[in-house]
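Notes to accompany the following structure.
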Amino acid sequence: VSEQKTYSAESIKVLEGLEAVRKRPAMYIGDVGKRGLHHLVYEVVDNSIDEALAGHCSKIITTFNSDGSVTVEDNGRGIPVGLHKEEKKPAVEVVMTILHAGGKFDKDSYKVSGGLHGVGVSVVNALSEWLWVEVKRDGKKHKQDYKIGVTQNKLKTTGDTKKTGTKVCFLPDQSIFQETVFEYNIIAERLRELAYLNKGVKIVLRDERHEETEEESFRFKGGLSDFVKYLDTNNNPLHNKIITVNKEKTEVPVEAALRYSSTYNDNILTFVNNINTIEGGTHLSGFRSALTRSMNNYAIKNNLIKAKKNEKITLSGEDFREGLTAILS
């Protein structure tokens, strides 16, 4: 007879801080395969993108290093380094080592933010063999090192600088991930997407793992319009001008770009805070119904739909979506 396992108060485990992340990594990054591995990069990049959304960052550089690590550097304000009142540690250390810590919970610091709801960079730290962060802020350069999420030394001031920004370098933990080799094309696709969604921000991807360094730079002045053009590369557009809508003054800022081509299928991408909402949502259903309603109203108003007397004919949403390429953010 197998030994009966008791379920008592002693069975309840309280995992402190980042220990929980290492115990159940898939809860935080989706899985420990290829998808989860690449998600680490997105999380660090998302912090830089949040700085860009707040209007403080114009350039982000992601580098695949020859030792298998990744560096993400931006020219934002730099993570604060002052002492955190509650934690009695430098703010940057709190962000790097405590779950749900960060500026995105303060509405005065970030109006819009993406990432894993604030768990992001500390999760990357927990799942890395080692990580270091360098902050340029208030005329000084600061650096701190970590191993599997644990602080290795006090925050050091390493010199003077006139620049500002944050630089994070990490090596994924081989004991956690099934594979630790980053695929250039997977990261490039996401960075290109982010450059379209954040017009004017320059996002650079470097690969220093081979004899010759490979480098790509993404920067799109047209934003979503350029994104539609990119998606329409192999299509035959029915009109050159891309229709754009931009509402900044509403409670939830909305931007959209759309164009029709001679293809039968539709391609509608929706994003919330730079995150692709592949499952759809009220924003997608709202967009579809608004498009159908507007097109029907226009058609009836301009006598484009011929109906018999006292008969009302309206076209379906599918009719209006045929050949449509649209992006909603």
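Data overview
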item: Reachable aspartates and glutamates, given that their alpha-carbon falls under 16 Å from the alpha-carbon of LYS163 and they are not under 8 places away in the same chain; result: GLU51, GLU73, ASP74, GLU134, ASP138
item: Sites GLU179 and GLU279 - FRET efficiency at Förster radius 35 Å, r taken between beta-carbons, to 0.05; result: 0.85
item: DSSP beta bridge pairing in the stretch 224-328, given as percent antiparallel to the nearest 5; result: 75
item: Packing-based exposure ordering (other Cβ within 10 Å, fewest first) of CYS169, CYS57; result: CYS169, CYS57
item: Normalised contact order of the chain, rounded percent, pairs of Cα under 8 Å and 6 or more residues apart; result: 15
item: Computed [θ] at 222 nm, helices only, for the chain once each DSSP H run of length n ≥ 4 contributes -39500 (n - 2.57); result: -8000 deg cm²/dmol
item: Net charge dipole size for the stretch 224-328 [Lys, Arg +1 and Asp, Glu -1 on Cβ; Debye, nearest 20]; result: 620
item: Under the Karplus curve 6.51 cos²θ - 1.76 cosθ + 1.60, θ = phi - 60°, whole-Hz ³J(HN,Hα) for the stretch 269-274, x wherever Gly or Pro sits; result: 10, 10, 10, 10, 6, 6
item: Rg/Rg_ref, the chain, where Rg_ref = 2.2 N^0.38 Å and atoms are Cα; result: 1.20
item: DSSP-defined beta bridges in the chain - what % are antiparallel, rounded to 5; result: 85
item: Cross-link table LYS167/LYS202; LYS154/LYS202; LYS247/LYS312, entries beyond 25 Å C-alpha to C-alpha; result: LYS154/LYS202; LYS247/LYS312
item: Eligible lysines near LYS34 by straight Cα distance, threshold 21 Å, same-chain separation 8 or greater; result: LYS23
item: Among 296-302, 210-216, the order from most to least packed when residues are scored by Cβ within 10 Å on average; result: 296-302, 210-216
item: Neighbourhood charge, 15 Å Cβ-Cβ cut-off, centred on PHE218 and excluding it, Lys, Arg +1 and Asp, Glu -1; result: +1
item: Order of ILE203, ILE268 - criterion: other Cβ atoms within 10 Å of each residue's Cβ, fewest first; result: ILE268, ILE203
item: Diffusion constant of the stretch 224-328 at 25 °C, which comes from Stokes-Einstein with the Kirkwood Cα-pair radius and 0.890 mPa s, µm²/s; result: 163
item: Theoretical gain in end-to-end length, ASP160 to SER289 [0.36 nm per residue, Cα-Cα removed]; result: 40.9 nm
item: Charge-dipole axis of the stretch 128-283 as Lys and Arg at +1 and Asp and Glu at -1 on Cβ define it, positive-most pick from HIS142, PRO237, ILE203; result: HIS142
item: Restraint check, LYS59/LYS249; LYS59/LYS221; LYS85/LYS156, Cα-Cα greater than 24 Å; result: LYS59/LYS249
item: Cβ charges +1 (Lys, Arg) and -1 (Asp, Glu), total dipole of the stretch 19-218, debye; result: 900
item: Residue exposure sequence - LEU197, LEU231 - by fewest surrounding Cβ within 10 Å; result: LEU231, LEU197
item: Residue-span extension gain [ASP31 to TYR230] - 0.36 nm each, minus C-alpha spacing; result: 68.6 nm
item: Selected from LYS89, LYS154, LYS249 as most flexible by GNM, with the chain as the system and alpha-carbon contacts under 10 Å; result: LYS249
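None of the figures in this text is laboratory data; all of them are computed from the coordinates on show. All values reported here derive from a predicted model rather than from experimental measurement. All Cβ positions, even for glycine, are placed from backbone atoms using ideal geometry, and neighbour counts span all protein chains on display.
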